[in-house]
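Please read the structure below before turning to the comments.
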Amino acid sequence: MIVLKTAKQLSLIREACAIAAGALEQAGKAVEPGVSTAEIDRIACEYIARHGAQPTFLHYEGFPAGACISVNDEVIHGIPSHKRIIGQGDLVSIDLGATLEGCIGDTAATFAAGDITPEAKRLCDTTRESLFIGIAAAVAGGRIGDISSAIQLYCESRGFSLVREYTGHGVGLKLHEEPSVPNVGKAGMGPRLVPGMTLAIEPMVNAGSSAIKRLSDGWTVKTLDGSLSAHFEHTIAITPDGPAILTAS
Ligand code: MG
């Protein structure tokens, strides 16, 4: 069932989203060669706690940290570690959530550690741009497939591929709510977009093939061919006046 949020809930979700956005910005600033992914996680969690919220991902289905940090060919769900030291030219995807009085904001971005290759930059730019193109398609009266199709067409036109197995999702009162928001699909298909919906839209884009594998740690998802992957995510609200980005920094 798709839960439409009340004005009161939307206002709390908006606050949670602002905290998540601030945490992501702080964590992103810490990305540089020589820093461990555990240190980046600590910075994100500290920011969230300092603002009176909780890191949504911590202990979610047993996840051991507050942020997912995925490097280079890791797509999503990387587990922060003191042993994982970021190198020059790495792509570092940080995904986190903040929970405030039971209301949740979910956001992600891929950051460059030092100088990255032109191809890595093009992958990041395309993924970020596709997120905003998907958001622009999230118009009341439209369909979820309008978002999916916009993201897919843009990324594939630039020669990249989209992960199928993981999708965006409803969010707000739970981390993962209905509906699912796939990054591939057909315009005009899927659930109707209605004011009061809050959605996490999150293209996961691979430089090579779309195929992925999950590591034996039970969490980390990598590209099967070892190619780079990027991930950007915003929580948005469907409003009568168009999509509102709640996790904008
Ligand atoms: Mg999400």
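A short reminder: the numbers here are calculations on the coordinates, not readings from a lab. Remember, it's a predicted structure, so these values are computed and weren't measured experimentally. All Cβ positions, glycine included, derive from the backbone under ideal geometry; neighbour counts span all protein chains shown.
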### Task
Quick one: which residues, 5+ away or cross-chain, put their amide H under 5 Å from the amide H of Leu246? H built at 1.01 Å from N.
Thr235, Ile236, Ala237
### Query
What number in nm² do you get for the chain if you take the convex hull of its Cα atoms and divide its surface by four?
11.9 nm²
### Task
Please identify every one of the trypsin sites (Lys or Arg not before Pro) in segment 26-112 that sits in a loop by DSSP and has no more than 14 other beta carbons within 10 Å of its own beta carbon.
Lys83
### Message
Taking just the alpha carbons, could you work out the radius of gyration and Dmax for segment 159-249, both in angstroms?
### Response
14.7, 45
